[in-house]
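Quick one: structure below, then a few questions.
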Amino acid sequence: MAEPEGIWETLRQRLDYASFVPRLVPDLVRSDLRTRAGEPYVVIKNPHGDKGAGTYLRLEAADAALLELMDGKRTMQEILVEHLERTGSFALDRLARLTSALRMNGFFGEEPPLVYEKLRARRRPLLDRLSLLMRRLILWDVARWENAEAVVDVVYRLGGRLFFTRLGALVAVAFSAYGLWLWAQEVRAPRHDLVSQDGSYTLGILILVVLQVISISVHEAGHALAIRHYGRRVRRLGFAIYYLFPCFYVDATDMTLASRRERVVVSLAGPVGGLLTAAVCAVVTATAGDSLAASLAFKAASLFVFQFFLNLLPILDLDGYNILVDALDIPLLRQRAVGFVRGRAIRKIRRREKWTRGEVGLAAFGGSAILISFLMLFIALWLWQTRVQAATSELVAIGPVGLLGLALIVLVFVGPLLVALAGRVLGLGRVATRSFTSRRRKAKQLEMEERITTLGRIRFLNGLPRTALAAIASHLEVHDVEAGEAVFSAGDVGDRFYIVRSGRVEAVSPEGQVLNVIIPGEGFGELALLDRATRSATVRATEPTVLWSLDRGHFERWVAERYEIAARIRASREERDRLVRLPFFSGLSRQQLERILPRMRTVRASAGEEVVRAGEPGDRYFVIHTGTARVTLPDGTHVRDLGPGDGFGELALLFGGPRTATVTATSDMTLGALGRRDFAELVKQSGETAGTFRRRTAHYVGAGIGATVARGS
């Protein structure tokens, strides 16, 4: 029983995050570096990871501070407490992310199994698997050696180190410049043909392929010697079949521990090594006359020169790009630049916004990358028409062997391009689909939010929880109504509640009289559903209109069956009937009264309290719900008594003048108050001007209180 208990104890300790004691691997390599802006960061290396090749991790300064506390003695809890005492910050999330990254890269001595990678490989789409197969045809990794600095060290000691001395570098640069000039002179001579050999394009292209592989090996050797010069390790040295021909390659990942300047030199060493070799070939070309050696040397020199300039182009994902990224200290420069050109740059141009220097640089780099991509495509088409097509004809003429060779060339050289092109097309299709789906989802979310907001503003639904409003909103149906088209007619059975989303509709009585105009955000038809009655008026659109509607079943579920909502609808009708009995509001339609009711604020006054005083600015109109009041003039003359249903202060809405009478509560009162600003907004929504409204309601002014009071109240 002891052994199982030990297993469970070990499992408990591993699962207990607070008691876990992180123990870093021995021989951990650490390099303290700074960004171009001077901000510190740390790169650490686990020399035992990835089967002895090493794994690397870049840490921010705050992560490095936590790493220093992992001495193999402190628990996670103790590390958190110690860090809190030192810095004053509680870094629980940061510590969790750090330990996860360290564990995944084997810094605790255990590398995670490749189970998930194998599962992902099985779930890869067919096009991705084809792409991986094509990559293997391009680069077949035959053999590789981990930490191969011993081999590189031999080459470095035999003479490679001379190129990294001041004198050696000066001689190499001068000789390369001379060789470049000499090659330019040979290019002008008509005795050399780059893409054919002895009149055969097929043979010429095969020679160029072999020379291309040699140039890659020389290029990689330059990187390896530079890595050795700075005391870093060549993480891997490999032997591969590249485009059906052998070549060597090196892994420069260990340079992440070096400074930016050293990384730039390592990136530059490959192209410079190729240019130096080109200079040697140019000398052979100039001195060997019309021999085969001169012809091959010219082809090699031309290819090395081409590779030199191609590798230094910062637009391509080669050494020039790495040099630019390290010099500017901008990781993922290409992705950021292309993303900026595709998105923000277009929006900034449309909006004519001001550009920063950084944005100009991103736009220039991203635009150049896209332009050169198209340019390379045109060059490839030109080479096919002018050179490769002739070689194809020659291979076909040879017979089965030529056809087999042509198939291999197409498979290796054209196959990856076609797979990459198909992948790019499918990728763009996926992006377009995701973008379309995202826009549709966002539009639906915005419409749902609009529905919920509109429903919340409807008086009898106001106060419902958001979940209930969202449930009602999800059942709303959309109706497009043309101008002049009827939504429903008088006498129809009430089967839906409607809300105007956009446009305008009007309610017309059976006699043809326009009862009211309904504007966006307002609803209609709820009373017929609530009372199960027929429609009392015809509603038709006066302009193209979009409506939302709720059918009877959902209306009864969410509205009619909820006592408080049904009570609000009926109370709203009672309040509307109360308002319509007031002379000042008697000419307004039901819908206009519905707009007034939500803006009425409840005001309470105690017995003996002055509700309004003569001489004060008139800013509100009052309707008495409960209680009584007395109206007196400034000299104390009693004008009249007011009770429930009476209103006063209408001129405050129309003119905003000072009060000419005092209204005093003779008992506790409850009043509804409508402010002048709210009233003006209602008038504006109705389409009338304030002057038109004054003229239309002039015969109501003073009714109920008396002409004397009306002129100043």
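Within the range 435-492, track down each residue that is touching a Ser or Thr at 6+ places or on another chain (Cβ under 8 Å) and over 21 Å from E522 (Cβ atoms).
G491
Residues G525, G494, G503, G484: which one is more than 46 Å from the chain's Cα centre (by Cα) and either open to solvent by less than 30 Å² (accessible area, probe 1.4 Å) or small (G, A, S) (or both)?
Testing whether each residue is more than 46 Å from the chain's Cα centre (by Cα) and either open to solvent by less than 30 Å² (accessible area, probe 1.4 Å) or small (G, A, S) (or both) leaves just G494.
What is the residue count in the range 61-89 for residues that are in contact with a helix residue (DSSP H, G or I) (Cβ under 8 Å, 6 or more places away or on another chain), outside any loop (DSSP other than H, G, I, E, B) and not basic (K, R)?
Total satisfying the criteria: 10.
Condition first: assigned to a strand (DSSP E or B), over 16 Å from H479 (Cβ atoms) and open to solvent by less than 20 Å² (accessible area, probe 1.4 Å). Now tell me which residues in the range 506-522 satisfy that.
A507, V508, N516
Can you name every residue in the range 530-543 that is surrounded by 13 or more Cβ atoms within 10 Å (Cβ to Cβ) and in contact with a Lys or Arg (Cβ under 6 Å, 6 or more places away or on another chain)?
Residue satisfying the conditions is T542 alone.
Out of the residues in the range 313-332 that are under 25 Å from the mean Cα position of the chain (by Cα) and either assigned to a loop (DSSP other than H, G, I, E, B) or among the small types (G, A, S) (or both), which is nearest to G273 (Cα to Cα)?
Applying the filter and picking the extreme gives D317.
I want to confirm something. Restricting to the range 226-283 and keeping residues that are at negative phi and of a type in the set (F, W, Y), which single residue is most open to solvent (accessible area, probe 1.4 Å)?
Once the filter is applied, the top-ranked residue is F248.
Enumerate the pairs (first residue in the range 218-235 and in a loop (DSSP other than H, G, I, E, B); second residue anywhere and open to solvent by 20 Å² or more (accessible area, probe 1.4 Å) and hydroxyl-bearing (S, T, Y)) with beta-carbon separation below 6 Å, excluding pairs fewer than 6 apart on the same chain, so at least 6 apart or on different chains.
Within 6 Å, the pairs are R235/T253.
Residues to consider are R640, R613; find the one that is at pLDDT 75 or above, touching a Lys or Arg at 6+ places or on another chain (Cβ under 7 Å), farther than 21 Å from F460 by Cα and not small (G, A, S).
R613
Shifting gears a bit: Please identify the pairs in which a residue from the range 472-499 that is under 18 Å from L515 (Cβ atoms) has its Cβ atom under 8 Å from the Cβ atom of a residue that is open to solvent by 70 Å² or more (accessible area, probe 1.4 Å) and polar (S, T, N, Q), counting only partners at least 6 apart or on another chain.
A490/T534; A490/S536; G491/T534; D492/T534; G494/T534
Identify, please: which residue in the range 464-481 is part of a strand (DSSP E or B) and not aliphatic (A, V, I, L, M) and is, among those, surrounded by the most Cβ atoms within 10 Å (Cβ to Cβ)?
H479
Can you find a residue in the range 197-219 that is under 47 Å from the mean Cα position of the chain (by Cα) and at pLDDT 85 or above?
Yes, because at least one residue in the range 197-219 is under 47 Å from the mean Cα position of the chain (by Cα) and at pLDDT 85 or above.
Tally time: how many residues in the range 525-547 are assigned to a helix (DSSP H, G or I) and acidic (D, E)?
1
Does R103 fit the bill of being within 26 Å of R236 (Cα to Cα), surrounded by 13 or more Cβ atoms within 10 Å (Cβ to Cβ) and either in contact with a Cys (Cβ under 9 Å, 6 or more places away or on another chain) or at pLDDT 85 or above (or both)?
Answer is yes for this residue.
Output the residues belonging to the range 63-76 that are more than 14 Å from F107 (Cα to Cα) and loosely packed, with under 14 Cβ neighbours inside 10 Å.
K73
Restricting the first residue to the range 336-352 and requiring it to be within 10 Å of A363 (Cβ to Cβ), which pairs with a second residue that is of a type in the set (D, E, K, R) and open to solvent by 100 Å² or more (accessible area, probe 1.4 Å) meet a Cβ separation below 9 Å and a spacing of at least six or different chains?
The qualifying pairs are K348/K354.
Do we find that A432 is among the small types (G, A, S), farther than 12 Å from W548 by Cα and assigned to a helix (DSSP H, G or I) in this structure?
yes
Another one. Could you tell me whether any residue of the range 650-663 is within 30 Å of P520 (Cα to Cα), at pLDDT 85 or above and either surrounded by 13 or more Cβ atoms within 10 Å (Cβ to Cβ) or not hydroxyl-bearing (S, T, Y) (or both)?
No, the range 650-663 has no match at all.
If you go through the range 371-387 one residue at a time, do you hit one that is modelled with pLDDT of 75 or more, under 40 Å from the mean Cα position of the chain (by Cα) and surrounded by 15 or more Cβ atoms within 10 Å (Cβ to Cβ)?
no
Continuing with this model, one more query. Quick check: anything in the range 167-183 closer than 30 Å to T55 by Cα, assigned to a helix (DSSP H, G or I) and modelled with pLDDT of 80 or more?
No, there is no match, as no residue in the range 167-183 is closer than 30 Å to T55 by Cα, assigned to a helix (DSSP H, G or I) and modelled with pLDDT of 80 or more.
Looking only at the range 290-312, decide whether some residue is without any contact (Cβ under 8 Å) to a residue 40 or more places away in the chain, surrounded by fewer than 19 Cβ atoms within 10 Å (Cβ to Cβ) and over 21 Å from Q212 (Cβ atoms).
yes
Now for a different question. Quick one: how many residues across the range 9-60 are modelled with pLDDT of 85 or more and outside any loop (DSSP other than H, G, I, E, B)?
19
Oh, and also: Would you check which residues across the range 236-275 are closer than 20 Å to L208 by Cβ and part of a helix (DSSP H, G or I) and list them?
Result: G270, P271, G273, G274, L275.
The values are calculated or read from the model by the stated rules, or taken from the named source; none is laboratory data. Treat the numbers as computed from the prediction; the structure is a model and nothing was measured. Positions of Cβ are generated from backbone atoms using ideal geometry, with glycine treated the same way; all protein chains shown enter the neighbour counts. Surface areas here come from the heavy atoms of the whole protein model, side chains and all, with no ligands, DNA or RNA. Shrake-Rupley method; radii C 1.70, N 1.55, O 1.52, S 1.80 Å.
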